[in-house]
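Data block below; observations after.
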Amino acid sequence: MPHTVTATIDLAALRHNLQQAKRLAPNSRIMAVIKADAYGHGIVAAAKALASADGLAVARLEEALTLRKQGINQRLLLLGSFLDSNSLALCADNNIDVAVHNSAGVDTLLASRSHKQLAVWLKHDSGMHRLGMNALELRSAHQRLSSCSHIGDMGLMTHFSAADDLDPHTTQQQTQSFLQATEGLTGFSCLANSAAIIQHPQTHLDWVRPGIMLYGANPLPPTITKLNNLELQPVMTLRAKIIAIRPIATGESAGYNERWTATRPTQLATLAIGYADGYPRHARNGTPVLINGQRAVLAGRVSMDLITVDISDCHEVNIGDEAILWGQGLPAEEIASYADTISYQLFTSVSKRVPRIYINTESIV
Ligand SMILES: *Cc1c(COP(=O)(O)O)cnc(C)c1O
């Protein structure tokens, strides 16, 4: 069936970006973060393409179980989640590591009577104040779990609140806090998200947790990534067909509430994509759209199923042509800035009705 909107997912690009993370953190193991359906890219395909990662992390137990059902044998980590005895039993049965972020979680773990060993990543709150234990709680948790026969491997982790800031102060403080809190404790350490992998090498330690960079989006301004020769490739390219073209006169408006009015005689193209597909409703007039390699701009409010685009400066545009909303040749980060959001939200908002078309699937088994 021909689709009017598609999200092409380039699995070779995903593997390329994983190699970039490995290049930047050569002495660390990689826990590839594929929560939220691999940031909207499709969790099972992403997991298969990331077979050479040392582990895969998700935020919901359902996703970890889906991966096991699909035959994914890699190490899996369940990040911050509600750990009751049922979910812990499912984790133990399915060999899923758990992040434990409070003493209630430790209590539940100690009370569980699994015969299988469970690997535990103890989470320290180094300043984000969302999840994690303070230094005292962490030490107590470590001690209580160390002597417990059904606890296997133990690790120590924390999460940065501002690794994407150009000012390193907060990340340095959080790193210090983590190192102090965990001093002398046995177990591997894991701190860095994508931004820290890129600009804070001192945080790499035993494991790193790249997310957004695997999908080819840069959490930092491009000037920083140039320093590292970082070359990320976009994994998702979102496309939609042009289904109408019309000329409008100066002074005429397009879309709801006349948010945009022509200041010159304008060629206006209507594209079959809208906020119900995940195109951000807050995208401003002037948000770029790529049509046959040329930049056109959004003109008027985003509707549920449609947008209008000023193609006056483009050549050779016809009904039925495909436009790129982000991806190849048009970074999602740029679109995000026009919609006052981040690439993470664009990717995870691409809705169910948009088919994901996987390309470069060769090396996937
Ligand atoms: C989402 C997440 C990551 C990955 O962050 P990116 O900014 O996408 O690299 C790492 N660790 C934790 C705990 C997360 O929730």
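Before moving on, here are some points about what is shown:
- Close pairs (6 angstrom Cβ cut-off, 6 or more residues apart or separate chains): under 13 Å from TYR39 (Cα atoms) and assigned by TED's automatic domain parsing to the domain that holds TYR39 in the stretch 56-70, modelled with pLDDT of 95 or more and among the basic types (Lys, Arg) anywhere: VAL58/LYS35; ALA59/LYS35
- In the stretch 37-54, the residues that are closer than 14 Å to ALA21 by Cβ form Cβ pairs under 7 Å with partners that are surrounded by fewer than 24 Cβ atoms within 10 Å (Cβ to Cβ) and modelled with pLDDT under 95, at six or more places apart or across chains, as follows: ALA49/ILE364.
- Test: residue in the stretch 272-293 that is at pLDDT 95 or above, among the small types (Gly, Ala, Ser), within 16 Å of the ligand (Cβ to nearest atom) and at negative phi: no
- Enumeration of residues in the stretch 325-362 that are modelled with pLDDT of 95 or more and acidic (Asp, Glu): GLU333, GLU334, ASP340
- Any hit, the stretch 94-104, residues being at pLDDT 95 or above, touching a Lys or Arg at 6+ places or on another chain (Cβ under 6 Å), open to solvent by less than 60 Å² (accessible area, probe 1.4 Å) and more than 16 Å from the ligand (Cβ to nearest atom): yes
- Any hit, the stretch 186-202, residues being farther than 21 Å from LEU24 by Cα, open to solvent by 10 Å² or more (accessible area, probe 1.4 Å) and in the same structural domain as ALA57 (by TED's automatic domain parsing): yes
- The residues of the stretch 12-26 that are in contact with a His (Cβ under 9 Å, 6 or more places away or on another chain) and open to solvent by less than 20 Å² (accessible area, probe 1.4 Å), listed by number, are LEU14, ALA25.
- Selection status of HIS169, at pLDDT 95 or above and either more than 13 Å from the ligand (Cβ to nearest atom) or open to solvent by 70 Å² or more (accessible area, probe 1.4 Å) (or both): yes
- Which numbered condition SER140 fails, given (1) assigned to a helix (DSSP H, G or I); (2) at pLDDT below 95: (2)
- Answer residue from the stretch 116-132, given it is under 21 Å from LYS69 (Cα atoms) and open to solvent by 60 Å² or more (accessible area, probe 1.4 Å) and is farthest from the ligand (Cβ to nearest atom) among those: LYS116
- Restricted to helices (runs of 4 or more DSSP H) entirely inside the stretch 2-94, no element has at least 3 residues that are aromatic (Phe, Trp, Tyr).
- On inspection, ILE224 qualifies as farther than 23 Å from ILE9 by Cα, in contact with a helix residue (DSSP H, G or I) (Cβ under 6 Å, 6 or more places away or on another chain), outside any loop (DSSP other than H, G, I, E, B) and of a type outside the set (Ser, Thr, Tyr).
- Looking across the stretch 69-89, the residues that are surrounded by 16 or more Cβ atoms within 10 Å (Cβ to Cβ) and hydrophobic (A, V, I, L, M, F, W, C) come down to ILE72, LEU76, LEU77, LEU78, LEU79, LEU83, LEU88.
The values are calculated or read from the model by the stated rules, or taken from the named source; none is laboratory data. Predicted model, so just to flag it, every value in this text is computed and none were measured. FYI the Cβ positions are ideal-geometry reconstructions off the backbone, even for glycines, and counts take in every protein chain you see. What goes into the accessible areas is simple: the full protein's heavy atoms, side chains included, and nothing from ligands, DNA or RNA. Shrake-Rupley method; radii C 1.70, N 1.55, O 1.52, S 1.80 Å.
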